[in-house]
Amino acid sequence: QFPFGRRLPCDIYWHGVSFHDNNIFSGQVNKFPGMMETVRKITLSRAMRTMRDLFPLEYNFYPRSWILPEELSLFVDEVRLMKDSDPSWKPTFIVKPDGGCQGDGIYLIKDPNDTRLTGSTQSRPAVVQEYICKPLLVDKLKFDIRLYVLLKSLEPLEIYIAKDGLSRFCTEPYQEPSLKNLHQVFMHLTNYSLNIHSGNFIHSDSVNTGSKRTFSSILCRLSSKGADVKKLWSDIISLVIKTIIALTPELKVYYQSDIPAGKPGPTCFQILGFDILLTKNLKPMLLEVNANPSMRIEHEQELSPGVFENVPSPVDEEVKVAVIRDTLRLVDPQKKKRKDSLVTVPPKHPWPGVHEHPALQEVSPWQGVDEMSSEVPPKPTPSVILCCRCQSLKQAPEAREELPDAPKSPEAALPSLCLKQVFPKYAKQFSHLRLVDKVAALFIRFLGVKGTTKLGPTGFRTFIRNCKLSNSNFSMAAVDILYIDITRRWNSMGIDKESGMCLQAFVEAFFRLAQKKYKTLPLHEQVSSLIELCEKRLAAVHGKRLLCGCG
Ligand code: ADP
């Protein structure tokens, strides 16, 4: 705890819920400003839709979603159209209140005209989403995956993924949704907080049985049945990177507002919880992103009737301790200094003795990654080995030797990292997706007053003027109308009360301008062409100013 009145700064500040302290001027904080808002169900759905509009095939890992109440009629109309074009389609939808968690207020519906949609969502906005009816089942049960992801830096983007996660199981055998079983939460919702109250919940000391297991134990099982686990991991890594690419524009706007460039402030990092569902065909689908994933390593157990006690949970401990430990290792400010004074040599054989044990089966999530990237050499050493016979998880020895007289690193005593860098490692394959990031950079450039997240009418006009986007067909009066039109609609959605144009509204305006200017191209090409044009014209304006200054 940071006691009130303490003067000495810290290297690392660990905030409980969100970034909330503007009086930190150095060090690192474990939360990004605005992360809670950015991953809320509605905001996430919007960000994913923007990306899907640009890149439909690359962003099909997020279920089709609509925002209620504002898109109720759009939802009804679109579903009707889809049903008309495919009469065999018998969808189910899941309604999730915005800002809800732990399954709170969630229900399933079959009919888009269900009266609950008009009633409840007026007072509590929600997301209605296509329900994934055919999930992968293990032991006849639906389960989801909680993966831990470290967003180590926003600029430049640095992402790490934990090699193991948790699989959280339902406690009633799964059946495809029907009017008879829609209300059965223990069959359809995988939330631990709900299923713990089912009489069927199994606490287990083993990582591969019970209602909560390690993800690696599921992979081991899938792999023994011949599933392509490499491809699955590669798809999961893509999902994580693409999702973070969708979130970064908004996060950058919050960041510059709370921690303006050029002023003393901390840097941020954050552990995120990704909830992923696997379909029957092993396609990972994103359910949601948690800004505050639970890091509890105990669970409550009824020791005798009415007597509860917190007892250690080996599965949670296995996964979560490694995530926290490695996060601290990666952000450790002393690490760089120590690294510089260490000499490392590659081991002769990465896994001495591994192949001598016939029961040991390598489950390296990172094998698939090598396939994703042509320019990255294959990772030589898998670091998690699952022993299928004795069913225990073994940590690999640190794959390096220190020279006898090299200074001893405190890290040498630690197990190898469970967090693996995926970005910038695979940046090249995803760089074409970072269009909205560039639109956000333009937005931030014209925000003007530091500390704000909304663009005023003058800022918008300056943007249009400096980029020379107005002409005889698009007068400055039309620019003002566009600004008022879009801004009023976004502000009426009640997202927040600060006046002005928010980033999403600017993105919408930008897309409209791009469509107007480059009529025949696909949307992503229209947008990238306009970005290029704006950047060129702004560079010219900047160049002129420099010249004038010199003159
Ligand atoms: P919460 O934040 O309340 O936990 P989630 O979005 O994680 O909300 O949904 C709760 C649970 O509902 C998930 O863990 C999953 O089991 C189920 N679920 C959510 N969305 C879908 C979906 N589109 N298809 C199938 N199941 C879903």
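The values are calculated or read from the model by the stated rules, or taken from the named source; none is laboratory data. As the structure is a prediction and not an experimental result, all values here were calculated from the model. Using ideal geometry, Cβ is built from the backbone for each residue, glycine included, and neighbour counts are taken over all protein chains shown.
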Checklist entry - Pick from Leu182, Leu157: which is away from the ligand (no atom under 15 Å from the Cβ), in contact (Cβ under 8 Å) with a residue 40 or more places away in the chain and outside the structural domain of Met493 (by the TED database)? => result Leu157
Checklist outcome for this item: So, first residue at pLDDT below 95 and of a type in the set (Asp, Glu) in region 21-44, second residue more than 16 Å from the ligand (Cβ to nearest atom) and not in a helix (DSSP H, G or I), Cβ within less than 8 Å, six or more apart or across chains; the pairs are Asp21/Tyr13; Asp21/His15; Asp21/Val29
Next on the checklist: Please count how many residues of region 267-314 are among the aromatic types (Phe, Trp, Tyr) and either within 28 Å of Leu157 (Cα to Cα) or within 16 Å of the ligand (Cβ to nearest atom) (or both).
Outcome noted: 2
Checklist entry - Any residue at all in region 43-51 that is away from the ligand (no atom under 15 Å from the Cβ), outside any loop (DSSP other than H, G, I, E, B) and not assigned by the TED database to the domain that holds Gln175? => result no
Item to check | In region 23-59, residue surrounded by the fewest Cβ atoms within 10 Å (Cβ to Cβ) [restricted to those that are more than 21 Å from Asp98 (Cα to Cα) and of a type in the set (A, V, I, L, M, F, W, C)] | outcome: Leu57
Checklist outcome for this item: Of the conditions (1) touching a residue at least 24 places away in the same chain (Cβ under 8 Å); (2) under 28 Å from the mean Cα position of the chain (by Cα); (3) more than 28 Å from Ser238 (Cα to Cα); (4) surrounded by fewer than 17 Cβ atoms within 10 Å (Cβ to Cβ), the single one that Arg489 does not satisfy is (1)
Checklist entry - Looking at (1) closer than 24 Å to Asn181 by Cα; (2) within 15 Å of the ligand (Cβ to nearest atom); (3) charged (D, E, K, R), which is the one condition that is false for Arg124? => result (1)
Checklist entry - Tally time: how many residues in region 60-73 are surrounded by 12 or more Cβ atoms within 10 Å (Cβ to Cβ), without any contact (Cβ under 8 Å) to a residue 60 or more places away in the chain and either hydroxyl-bearing (Ser, Thr, Tyr) or more than 15 Å from the ligand (Cβ to nearest atom) (or both)? => result 3
Checklist entry - How many of the residues in region 289-314 are hydrophobic (A, V, I, L, M, F, W, C) and within 26 Å of Ile241 (Cα to Cα)? => result 3
Checklist entry - Got at least one residue in region 130-141 being within 10 Å of the ligand (Cβ to nearest atom) and not in a loop (DSSP other than H, G, I, E, B)? => result yes
Item to check | Residues that are among the polar types (S, T, N, Q) and modelled with pLDDT of 90 or more, drawn from region 71-112 | outcome: Ser73, Ser85, Ser88, Thr92
Checklist entry - Quick check: is even one residue across region 456-478 of a type in the set (D, E, K, R), over 26 Å from the mean Cα position of the chain (by Cα), closer than 30 Å to Pro125 by Cα and not assigned by the TED database to the domain that holds Val253? => result no
Checklist outcome for this item: Selection over region 83-105 where residues are within 16 Å of the ligand (Cβ to nearest atom) and acidic (Asp, Glu) yields a count of 2
Checklist entry - Quick check: anything in region 295-317 under 22 Å from the mean Cα position of the chain (by Cα) and not in a loop (DSSP other than H, G, I, E, B)? => result yes
Checklist entry - Could you count how many residues in region 186-227 are touching a helix residue (DSSP H, G or I) at 6+ places or on another chain (Cβ under 6 Å), away from the ligand (no atom under 16 Å from the Cβ) and either assigned to a loop (DSSP other than H, G, I, E, B) or at positive phi (or both)? => result 3
Checklist entry - Which residues, taken from region 77-110, are over 20 Å from Lys41 (Cα atoms) and touching a strand residue (DSSP E or B) at 6+ places or on another chain (Cβ under 9 Å)? => result Glu78, Val79, Pro91, Lys110
